[in-house]
1. Any residue in the range 54-64 that is surrounded by 14 or more Cβ atoms within 10 Å (Cβ to Cβ), in a helix (DSSP H, G or I), within 12 Å of the chain's Cα centre (by Cα) and modelled with pLDDT of 95 or more?
2. Would you be able to say whether some residue in the range 6-13 is assigned to a helix (DSSP H, G or I), of a type in the set (Val, Ile, Thr), under 21 Å from ASN171 (Cα atoms) and within 12 Å of the chain's Cα centre (by Cα)?
3. For a quick check of your reading: which strands (runs of 3 or more DSSP E) sit entirely within the range 88-195 and have at least 1 residues that are under 22 Å from LEU49 (Cα atoms), touching a helix residue (DSSP H, G or I) at 6+ places or on another chain (Cβ under 7 Å) and touching a residue at least 60 places away in the same chain (Cβ under 8 Å)?
4. Does any residue in the range 12-33 that is more than 18 Å from ILE112 (Cα to Cα) come within less than 9 Å, Cβ to Cβ, of a residue that is among the charged types (D, E, K, R) and part of a helix (DSSP H, G or I) six or more places away or on a different chain, and which pairs are these?
5. Which of the residues spanning the range 89-140 are surrounded by fewer than 21 Cβ atoms within 10 Å (Cβ to Cβ) and among the acidic types (Asp, Glu)?
6. Return the total of residues in the range 6-25 being touching a Ser or Thr at 6+ places or on another chain (Cβ under 8 Å) and within 20 Å of LEU85 (Cα to Cα).
7. Considering only residues of the range 26-47 that are assigned to a loop (DSSP other than H, G, I, E, B) and under 18 Å from GLY81 (Cα atoms), which is nearest to the chain's Cα centre (by Cα)?
8. Restricting attention to the range 73-85, which residues are surrounded by fewer than 16 Cβ atoms within 10 Å (Cβ to Cβ) and outside any helix (DSSP H, G or I)?
Amino acid sequence: MADPLFSICVYCGSKSGDDPAFAESAQQVGQWIAQHGGQLVYGGGRNGLMGIVADATLAAGGRVVGVIPRALVENEWAHTGCTELHVVETMHDRKRMMAERADAFIALPGGIGTFEEFYEVWTWRQLGYHNKPIGLLNLNGFYDPMLAFLSSVVKHQFIGPWQMDLIQSDNDADKLLPSLIQAAGMPTPFLSQSI
């Protein structure tokens, strides 16, 4: 297997949610990463959207790097089919390793863990701890309420428009993923291609 052209860290739910489009999108993202020579970096789980994106990447011939805390391995949530599965001690270790291994970040639909990971990597970006692009896959308006709330936070002057500009948001993975890779400065011979 050739070295990956880029690595994308995907944050997403350990459940599949109530809309079949969520699972379809996770599969699309995994396929896109593999088909364009990339590597998936994610939380190492086998359930929900996490398992779907990992399985889709692997099935399409891509590399998958999973990072999972030991406590979740012991609860049998680890995806043992990952190309690399790193077992770490804490959630902090997990998030740090995922961030270090990624060239860009994308959040799919998910729950508290997905939100927390997204907000943390966004916080790190606005503080200058990294300069990697961050995307929200706003599938079927999933993130519309959050984006509306963040617009209200800007209105109340707790964050500035420049901080909002650090996030790329789109409802189409086939548009958002190439945009993130281009913003990361990675090779982009595939920008005119679709899945």
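The values are calculated or read from the model by the stated rules, or taken from the named source; none is laboratory data. Worth saying up front: this structure is predicted, and the values here are computed from it rather than measured. Using ideal geometry, Cβ is built from the backbone for each residue, glycine included, and neighbour counts are taken over all protein chains shown.
1. Keep residues of the range 54-64 that are surrounded by 14 or more Cβ atoms within 10 Å (Cβ to Cβ), which gives 54-58, 60, 62-64.
Narrowing further to those that are in a helix (DSSP H, G or I): 54-58.
After this cut, where a residue has to be within 12 Å of the chain's Cα centre (by Cα) as well, the list is 54.
Then drop every residue that is not modelled with pLDDT of 95 or more, which leaves 54.
Checking the range 54-64: at least one residue is surrounded by 14 or more Cβ atoms within 10 Å (Cβ to Cβ), in a helix (DSSP H, G or I), within 12 Å of the chain's Cα centre (by Cα) and modelled with pLDDT of 95 or more.
2. no
3. On the way: elements: 104-107, 134-137, 167-170.
In the range 88-195, 104-107, 134-137 are the strands (runs of 3 or more DSSP E) which contain 1 or more residues that are under 22 Å from LEU49 (Cα atoms), touching a helix residue (DSSP H, G or I) at 6+ places or on another chain (Cβ under 7 Å) and touching a residue at least 60 places away in the same chain (Cβ under 8 Å).
4. Close Cβ pairs (under 9 Å, with a partner that is among the charged types (D, E, K, R) and part of a helix (DSSP H, G or I)) amount to GLN27/ASP55; GLN28/ASP174; GLY30/ASP55; TRP32/ASP174.
5. Within the range 89-140, GLU89, ASP93, GLU100, GLU116, GLU120 qualify.
6. The initial filter retains those residues of the range 6-25 that are touching a Ser or Thr at 6+ places or on another chain (Cβ under 8 Å), namely 11-13, 22-23.
Among the residues that remain, those that are also within 20 Å of LEU85 (Cα to Cα) are: 11-13.
Going through the range 6-25 one residue at a time, the tally reaches 3.
7. Within the range 26-47, the subset assigned to a loop (DSSP other than H, G, I, E, B) is 36-37, 43-44, 46-47.
From the residues that got through so far, the ones that are under 18 Å from GLY81 (Cα atoms) too are 43-44, 46-47.
Numbers: GLY43: 9, GLY44: 12, ARG46: 15, ASN47: 15 Å.
That would be GLY43.
8. Residues satisfying the conditions are ASN75, GLU76, THR80, GLY81, GLU84.
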